[in-house]
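Structure first, commentary second.
All of the numbers you see were taken from the coordinates with simple rules; none came from a lab. Bear in mind the structure is a predicted one, so any value in this text is a computation, not a measurement. In this analysis, Cβ positions are derived from the backbone assuming ideal geometry, glycine residues included, and neighbour counts consider all displayed protein chains.
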Amino acid sequence: MKATPTTHDLPLLFEGFSTLAEALDYAAQGDTGYNFYSGQGKLYATLSYAQLRSDALSLAKKLLSLDLPRGTRVAIVADTHPDFVRFFFACQYAGFTPVPLPATIQLSGQQEYTNQLQRLLSICRAEVAIANDDFLLFLTDAAARQNIRFAGNSQTFESLPESTTPLQPLQADELAYLQYTSGSTRFPRGVMISQEAVLNNTRAIIQHGVQVREGDRAVSWLPYYHDMGLVGLLLTPLVCQISVDYLNTRHFAMRPRLWLKIMSENRATISFSPPFGYDLAARRLRDDDLAGYDLRNWRVAGVGAEMIHTETLAFFADRLKPSGFDARAFLPCYGMAECALAVCFGRLGAGVQVDRVDAEQLASHQQALAVDPEVENGTSRAKIFTNCGSLLPGYELEIRDEQGRILPERQCGTLYVRGPSVMSGYFGNPEATREVLSPDGWLNTGDIAYLVGTDVVIIGRSKDVIIINGRNILPQDIEYLAESQPEIRTGDATAFPIPNPQMYDQAVLLVECRENDEQKRQDLIRKINQLVRAELGIDCIIELVARNTLIRTTSGKPSRHSTRKDYLQNMLQLNPATS
């Protein structure tokens, strides 16, 4: 089996498409496409854009045979598998709305996952549900409790007849897909993204963010149910006709070196990851791997989806330098599902640019006062934030305080954005839509940020801030101090506030810990407590918990909100109120 090529004769084109179906129609005239790799790093399936179009058209006719109204939601478990891609584009041609469902990384919590699928099927009001064999039992169990017209896999779907009704692909003003955000598995919100919105975003990414050129090739392990995986590494490459090599997220988690192996073997130029992916890959590397990799072609190493700690990326760059990786390839970016994907990008080829600010001014006055490292003295502590770059064309932003007043440069507040790829709203949830989206198109991102010239610096989520004695403490600062300990893995700590007896915020830190020796556990708690007091000047309740205790989002990140809710519920059960 041979992967789809990197170079091809079809002229690069990313403008002039009004729908995803039109973008596929053009890409199908070339030889490029998608390639799927196994957990051993072997190519097991290819799906050229030409074959994808043929398969999608055939499946679209079978969808129409179900005689369902236009815009019907088709829920598809978004495993990294050719079947997801086929059905996603079948919906584009049939006039139906695809709804990617999470493909859980750990299949141990079967009932919890089935319940999650059931909730999503219910709130999106799906009429059709599709999964590949790995997830079929979970899906059919969830669908059995819903009024689903058809639930099955590609094999059972093949038994349906093809409709003779002419296909009418989705139009520019119709939804391209419905994506449920990773922020909450219990109260998910379905982001409605139109064809026009997603194509506006892909064009901006291609032209201004990544600046796609002839000879580019991408590699991705990101899940299709996450906006970075769906829009960034599935739809955007198709819109600019480049080939992509996929590694399943589960396989990446088990063998992250495969990501680098595929990048090297295929001379890929583009890949994206949250910071934890770079950290995991670098830590799992063996010294003898380095000589076998050639990463000199990797020109765009995108990084986003969570707070960016420069130490993590520096560790990766240093570890992979013998393999030809250039730290200038790092491309910080910022975005969210409610904007399709991207809002701003750093400068291509500049690597990670940082801003050093006075920590006390930030905590006490929400002012990002710049600190010059050349003249910094011992009287003030500096915090380092990653510069996420400037807005994509067509976007506007405002930094506002709690009263809605626009703030000046270097003053921290809530980031509001308005632009051509902002969502239409949350599906079936007008109240939630009104909470974040104004009638004139301004979206409350919920992120705290400040401006440095025209560049955006993100410092955290407004709902996560811990306020102690009038100082704003960012939970990721507490988490980072814990994760800096060798016993703690990145992503295994969650900090959040709870009310103390005086009803003020008290910081809590939960840490998943694999150490069983009680003395070592107590030593670890003392060490973290000392760090928190020294660095942040606060007291913190620290609890070491078992693995898989922290509640996580569908993208695998710890959910502070859900973990806090469970923590408070457990406190009530242990200390019930008395009358």
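Just a few scattered comments:
- When peptides 230-237, 258-265 are ranked by their average number of other Cβ atoms within 10 Å per residue, the highest-first order is 230-237, 258-265.
- With kT/(6 pi eta Rh) evaluated at 25 °C and eta = 0.890 mPa s, and Rh the Kirkwood radius from Cα pairs, region 354-463 diffuses with a coefficient of 162 µm²/s according to Stokes-Einstein.
- When each of 383/527; 2/61; 2/261 is checked by Cα-Cα distance, pairs over 27 Å: 2/61
- Fraction of the pair-distance distribution of region 57-199 above 20 Å, Cα-Cα pairs, percent: 43 percent
- Remark on residue 76: its backbone amide H falls under 5 Å from those of 99, 101, 130, a criterion applied only to residues 5 or more positions apart or on other chains, H modelled at 1.01 Å from N.
- Rg to Rh quotient for the chain, alpha carbon positions, Kirkwood Rh: 0.96
- Mean Cβ neighbour count within 10 Å, used as a protection proxy, ranking 82-89, 273-280 highest first: 82-89, 273-280
- Nearby aspartates and glutamates by direct alpha-carbon distance to residue 520 (threshold 20 angstrom, same-chain neighbours under 8 apart not counted): 479, 483, 487, 492, 512, 543
- Across the chain, the relative contact order, built from alpha-carbon pairs under 8 Å that are at least six residues apart, equals 10 percent.
- By the beta-carbon count within 10 Å of each Cβ, the least crowded to most crowded order of 339, 388, fewest first, is 388, 339.
- Shown here are the Rg and Dmax of the Cα trace of region 284-372, at 16.3, 51 Å.
- Neighbours of residue 194, meaning other residues whose beta-carbon lies under 10 angstrom from its beta-carbon, give a summed charge of -3 when Lys and Arg score +1 and Asp and Glu score -1.
- Sequence-distant aspartates and glutamates (8 or more away, or on other chains) whose Cα lies within less than 14 Å of residue 321: 287, 288, 289, 294
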